[in-house]
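Take a look at the structure below.
The values are calculated or read from the model by the stated rules, or taken from the named source; none is laboratory data. Treat the numbers as computed from the prediction; the structure is a model and nothing was measured. Reconstructed Cβ throughout: ideal geometry from the backbone, glycine too, with neighbour counts over all protein chains shown. Heavy atoms of the whole protein, side chains included, go into the accessibility calculation; ligands, DNA and RNA do not. Shrake-Rupley method; radii C 1.70, N 1.55, O 1.52, S 1.80 Å.
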Amino acid sequence: MRKIIVFNSMSLDGYYTGPNGEIDWFIHDPEVDHAAHQRMNPDTILFGRATYQMFESYWPQVAMNPNAPEGARLMADELNQMTKVVFSTTLTEVNWENSKLFHGNLAAKVRKLKTDEGADITIFGSGTLVQQLAQEGLIDEYLLLVMPVVVGGGKLLFKDVQKTKLERLETKSFKSGVVLLHYRIGQDAG
């Protein structure tokens, strides 16, 4: 069965965005990006509407920009090739290549995706999606980048999520101050 791995940046006080959805406090560190990339190999990304629209407005253009850093172009190419499943009640179409729009039952669709053939599935951002899937017991691992900042308000990554026991797989700190936390759901969770 395919795993669902949440890959998210968050503040020390648990927020994945600021009060107005801002993420300008994220630290972009190639060393961190490389480390995160080594710990997962998904072929599918799950998105909520807001994160999908943010990614779709940025990454396809990076792939075609010869002046973009090589690492960013490689990431853009990889994202372009991956299957992107977008869960939204308001979008009527998605235009980024390899994207599919889904309006139905989130948990049922994700359960089906987990049993399909393929590599692992990841979620970037999309905190509401993370919360809903965590409540359904459908998250297998968390790969969290804790930024050295206290935001003081915004959207909490684990808002309204039930108590869940996690097993630490790894902790790694970087010169930038970012700490990578890698957990899987504990054996007696659920």
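Some points to look at:
- Just one residue in the set Arg168, Arg184 is at pLDDT 95 or above, buried (at least 16 other Cβ atoms within 10 Å of the Cβ), not hydrophobic (A, V, I, L, M, F, W, C) and not in a helix (DSSP H, G or I); that residue is Arg184.
- Residue check, Asp120 closer than 25 Å to Pro30 by Cβ and either touching a residue at least 12 places away in the same chain (Cβ under 8 Å) or over 14 Å from the mean Cα position of the chain (by Cα) (or both): yes
- Any hit, region 149-165, residues being touching a Gly at 6+ places or on another chain (Cβ under 9 Å) and within 14 Å of Ile4 (Cβ to Cβ): yes
- Filter result for Gly71 (open to solvent by 20 Å² or more (accessible area, probe 1.4 Å) and in a loop (DSSP other than H, G, I, E, B)): no
- Given (1) part of a strand (DSSP E or B); (2) under 17 Å from the mean Cα position of the chain (by Cα); (3) hydrophobic (A, V, I, L, M, F, W, C), index of the condition Leu113 fails: (1)
- Tally, over region 14-44, of residues that are surrounded by 15 or more Cβ atoms within 10 Å (Cβ to Cβ) and either farther than 18 Å from Val179 by Cα or aromatic (Phe, Trp, Tyr) (or both): 8
- Looking across region 83-109 at every residue that is of a type in the set (A, V, I, L, M) and touching a Phe, Trp or Tyr at 6+ places or on another chain (Cβ under 9 Å), the one that is most open to solvent (accessible area, probe 1.4 Å) is identified as Leu101.
- For region 1-13, filtered to residues that are part of a loop (DSSP other than H, G, I, E, B) and crowded, with 16+ Cβ neighbours inside 10 Å, the residue that is nearest to the chain's Cα centre (by Cα) is Lys3.
- When Ala108 is tested against (1) closer than 25 Å to Leu79 by Cα; (2) part of a loop (DSSP other than H, G, I, E, B), just one condition goes unmet, and that condition is (2).
- When Tyr58, Tyr52 are checked against the criterion of being at pLDDT 90 or above and crowded, with 19+ Cβ neighbours inside 10 Å, Tyr52 stands alone in meeting it.
- Scanning region 135-149 for residues that are charged (D, E, K, R) and open to solvent by 40 Å² or more (accessible area, probe 1.4 Å) turns up Glu136, Asp140.
- You will find that of Gly177, Gly152, the residue that is closer than 17 Å to Ile27 by Cβ, open to solvent by 20 Å² or more (accessible area, probe 1.4 Å) and touching a residue at least 24 places away in the same chain (Cβ under 8 Å) is Gly177 and no other.
- Filter result (among the small types (Gly, Ala, Ser), modelled with pLDDT under 90 and within 16 Å of Ile4 (Cβ to Cβ)) within region 16-49: Ala36
- All conditions in (1) of a type in the set (Val, Ile, Thr); (2) closer than 29 Å to His28 by Cβ; (3) loosely packed, with under 15 Cβ neighbours inside 10 Å hold for Val161, with the sole exception of (3).
- When Val150, Val161 are checked against the criterion of being in a loop (DSSP other than H, G, I, E, B) and in contact with a helix residue (DSSP H, G or I) (Cβ under 6 Å, 6 or more places away or on another chain), Val161 stands alone in meeting it.
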